[in-house]
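What follows draws every value from the coordinates through simple rules; no lab data is involved. The structure displayed is predicted, hence computed values, not measured ones. Every residue, glycine as well, gets a Cβ built from its backbone with ideal geometry; the counts of neighbours run over all protein chains shown.
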């Protein structure tokens with residue numbers, strides 16, 4: 001499998017609530033793969049990079065967001081995608097207000113999603129699809145659905161913040177979300 005990593009970057013919510021949020025991007029509509037999909041910042045690892053190095057590089061390339069190893073909180077389980085990637089979610093926290101500059105070749109928009117918006121009524125939804133009955137996951141945000149792998153990674157993170165460990169390797173994306 002090809003190695004990739006995504007960032008869960010914890011920041012202050014931008015609504016004055018004092019809550020913690022994370023960055024979610026809307027990928028550029030002209031990208032070759034996963035165009036126009038919501039995703040965590042990140043991407044494929046370069047030769048010799050570990051997951052932390054990949055996330056630090058990708059966050060800078062996509063958002064001009066400078067992260068450093070001293071902001072690292074840890075990693076979640078590697079998620080194997082249906083398209084052949086082993087994705088390592090890496091969690092960072094920043095107390096500084098980031099000055100973001102989006103790379104228009106990669107990111108159309110960036111959002112701060114409050115952690116509380118990923119629970120309660122907006123918590124993960126599970127269903128099965130197709131003849132094989134694959135277990136799918138999605139979150140509803142902005143009147144859109146976010147599917148695995150992003151949804152699976154967010155679900156594991158939200159469960160961890162609640163003190164529960166939840167494996168997510170059995171959660172799949174619908175076929176249309178793989179493009």
Where does each of 107, 55, 6 land when they are ranked from fewest to most other beta-carbon atoms within 10 angstrom?
-> 107, 6, 55
FRET efficiency for residue 2 and residue 70, using Cβ-Cβ distance with R0 set to 30 Å, rounded to 0.05 = 0.60
Relative to the present Cα-Cα distance, how much length would full extension add between residue 20 and residue 121 at 0.36 nm per residue of separation?
-> 34.6 nm
Ellipticity estimate at 222 nm from DSSP helix runs (n ≥ 4, -39,500 (n - 2.57)) divided over the chain, nearest 500 | -4500 deg cm²/dmol
If the chain between residue 129 and residue 144 were fully stretched, how many nm would it gain, using 0.36 nm times the residue separation less the Cα-Cα distance?
-> 3.6 nm
GNM flexibility winner over the chain from 159, 106, 61 (Cα, springs under 10 Å) = 159
For 160, 1, what ranking results if the residue with the fewest other Cβ atoms within 10 Å of its Cβ goes first?
-> 1, 160
With the Cα gyration tensor of the stretch 2-178 giving a ≥ b ≥ c as the square roots of its eigenvalues, does the rule (a/c under 1.5 for rounded; else a/b larger than b/c for prolate; else oblate) give rounded, prolate or oblate?
-> rounded
Ranked on Cβ counts within 10 Å of their own Cβ, fewest leading, 59, 28, 101 go 101, 28, 59
